[in-house]
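Some notes on the structure that comes next.
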Amino acid sequence: MTILITGGAGFIGSNFIQYMLRKHPEYRIVNVDKLTYAGNLENLEEVEDDPRYSFHEGDICDRPFIVELLHKYRIETLVNFAAESHVDRSIHGASEFVRTNIVGTNVLLEIAKEHKLKKFIQVSTDEVYGSLGAEGKFTETTPIHPNSPYAASKASADMLVLAYHHTFGLPVVITRCSNNYGPYQFPEKLIPLMIANALSDKPLPVYGDGMNVRDWIHVADHCTAIDAVLHHGAIGQVYNIGGNSERANLDLVKLILHHLAKPESLITFVKDRPGHDRRYAIDSSKIQKELGWKPQYSFEQGLKETIGWYQKHQSWWKRILSGEYQQYYKKMYEGR
Ligand code: NAD
Ligand code: DAU
């Protein structure tokens, strides 16, 4: 099987590519990524010379470019990770979110329909469900109620994906996962940002009262879930994915400081995120029951390993913070 992966140079996409090449020696992976600020080919150094893998710089909104790749590699399966993914950036300006997350997904859907792809997996998020109070969890039948421009763009994409299934019979499946953490996460997201700041003895900016709750899952568990959905997911269905690890942001930040033996005085409360969703929690019993998937990581183990990874790979995130990582592509591919 040859799988077209979009957004494979980002955090989850690059973890997924490495996982799939390890898990399925007979598969080929074609990675399309626009290399925005969040795309980093250093994440894929380990596989860049693997003959089963190829990288193509490009935009999911660029129809002829995607069509050419479908023909060239005889693609029948597509997993769409490509997105603008950071809520805070969407609050500062939503245009790129609308362009990539909605228009880009629609371009891929049109192409998938015309070229009769056998499977279209849309990697979505629990944020489409909105915010929870103190009790309850999101199930697949929770009404869609996105609050941030990012969440609204992902919800719009989900609606388009389901509409292409309903109207044209396109073989789609949607996954909606909770907050990921693990290696190669861009250090603008909570966990890597806090680890990097703590390691540099910089203030740790906690939004609002720090009591917003997120439900964390290790990226490796997200990858196994997408693999399960890709092979066994029922067409037209949505599957929630979560790690059953709710934590208030403040408790999590304190835990990171504790692991790194840094003082809590580094914590700085800052202005809250506008429209900040209070709590997310995922009920993943459907994928567990129907596809036999289960997360393997406990949050304690996963966080410990992740902190260890960022300690060991300081040059990776320091190159990102300095902007130097964007030179990698040039250096690597010039003259090839
Ligand atoms: P990321 O920002 O790390 O990576 C996104 C990748 O998409 C980058 O490599 C970027 O260059 C690429 N990209 C952006 N616009 C593109 C375009 N127009 N054409 C081609 N490539 C483009 O994001 P991530 O955290 O890895 O998330 C991947 C997917 O998973 C996203 O769809 C996101 O909504 C979803 N998701 C993320 C989480 C999470 O906790 N990070 C949770 C659930 C779902
Ligand atoms: O739930 C899945 C979503 O999780 C994904 O769809 C998104 O792509 C991903 O970015 C993530 O969104 P969040 O907004 O939940 O993640 P973020 O890491 O930005 O923030 C996590 C929590 O930490 C949130 O309550 C805001 C808070 N926060 C974040 C940052 C960056 C802070 O308190 N301080 C910070 O500096």
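How much of the accessible area of segment 93-237, probe 1.4 Å, is carbon plus sulfur, in whole percent? Carbon-and-sulfur percentage of accessible area, whole number: 59. All distinct Cα pairs of segment 220-327 go into the 1/r average, and the inverse of that average, the Kirkwood radius, is 17.1 Å.
Note: segment 63-212, Cα convex hull, 142 Å³ per residue. Legend: helices of the chain (whole DSSP H runs) are marked when their alpha-carbon atoms reach 20 angstrom or more along the helix axis and their mean Kyte-Doolittle hydropathy is at least -0.5; marked are 149-168. With contacts taken as Cα pairs under 8 Å and at least 6 residues apart, segment 14-124 reaches a relative contact order of 26 percent. Average accessible surface for the chain: 43 Å² per residue, computed with a 1.4 Å probe over protein heavy atoms with every protein chain in place.
Note on the chain: dipole from Cβ charges, positive end direction compared against Ile267, Gln185, Leu70; the farthest Cα belongs to Leu70. Peptides 159-166, 65-72, 186-193 ranked from most to least packed give 186-193, 159-166, 65-72, packing being the mean of other C-beta atoms within 10 angstrom over each peptide's residues. What is the sum of charges, Lys and Arg at +1 and Asp and Glu at -1, for the other residues whose Cβ falls under 14 Å from the Cβ of Thr268? Every neighbour counted, the sum reads 0. When the alpha carbon gyration tensor of the chain is reduced to an equivalent ellipsoid, the three semi-axes, largest first, read 30, 24, 19 Å. Helical runs (DSSP H, four residues minimum) scored at -39500 (n - 2.57) apiece and divided by the length of the chain put the mean residue ellipticity at 222 nm at -12000 deg cm²/dmol.
Relative contact order for the chain: 18 percent, from Cα pairs under 8 Å spaced at least 6 residues apart, divided by residue count. Among Arg279, Arg28, Arg63, the largest mean-square fluctuation in a Gaussian network model of the chain (Cα springs under 10 Å) belongs to Arg63. Centre-to-centre, using Cα atoms only, segment 34-68 and segment 212-274 are separated by 26 Å. Applying a DSSP loop filter and a limit of 11 other Cβ atoms within 10 Å to the chymotrypsin sites (Phe, Trp or Tyr not before Pro) in segment 71-123 leaves nothing. Cross-link pairs exceeding 27 Å between alpha carbons, from the set Lys119/Lys318; Lys34/Lys271; Lys154/Lys286; Lys271/Lys294: Lys119/Lys318; Lys34/Lys271; Lys271/Lys294. FRET efficiency for the pair Lys202 and Glu290, taken as 1/(1 + (r/R0)^6) with r the Cβ-Cβ distance and R0 = 51 Å, rounds to 0.70. Once a ≥ b ≥ c are taken as the square roots of the eigenvalues of the Cα gyration tensor of segment 30-77, is the result rounded (a/c under 1.5), prolate (a/b larger than b/c) or oblate (a/b not larger than b/c)? Judged from the Cα gyration tensor, segment 30-77 comes out oblate (a/c at least 1.5, b/c at or above a/b). Each peptide in 294-305, 313-324 was scored by the mean count of other Cβ atoms within 10 Å over its residues; highest first, the order is 294-305, 313-324. Placing +1 on the Cβ of every Lys and Arg and -1 on the Cβ of every Asp and Glu, with nothing else charged, gives the chain a dipole about its Cα centre of roughly 180 debye. Per the Debye calculation on segment 148-196 with a single equal scatterer at every Cα and no solvent contribution, log₁₀ I(q)/I(0) for q = 0.25, 0.28 Å⁻¹ amounts to -0.92, -1.01.
The values are calculated or read from the model by the stated rules, or taken from the named source; none is laboratory data. Nothing here was measured: the structure is a model prediction, and the numbers come from that model. Using ideal geometry, Cβ is built from the backbone for each residue, glycine included, and neighbour counts are taken over all protein chains shown. SASA here: full protein model, heavy atoms, side chains in, ligands and nucleic acids out. Shrake-Rupley method; radii C 1.70, N 1.55, O 1.52, S 1.80 Å.
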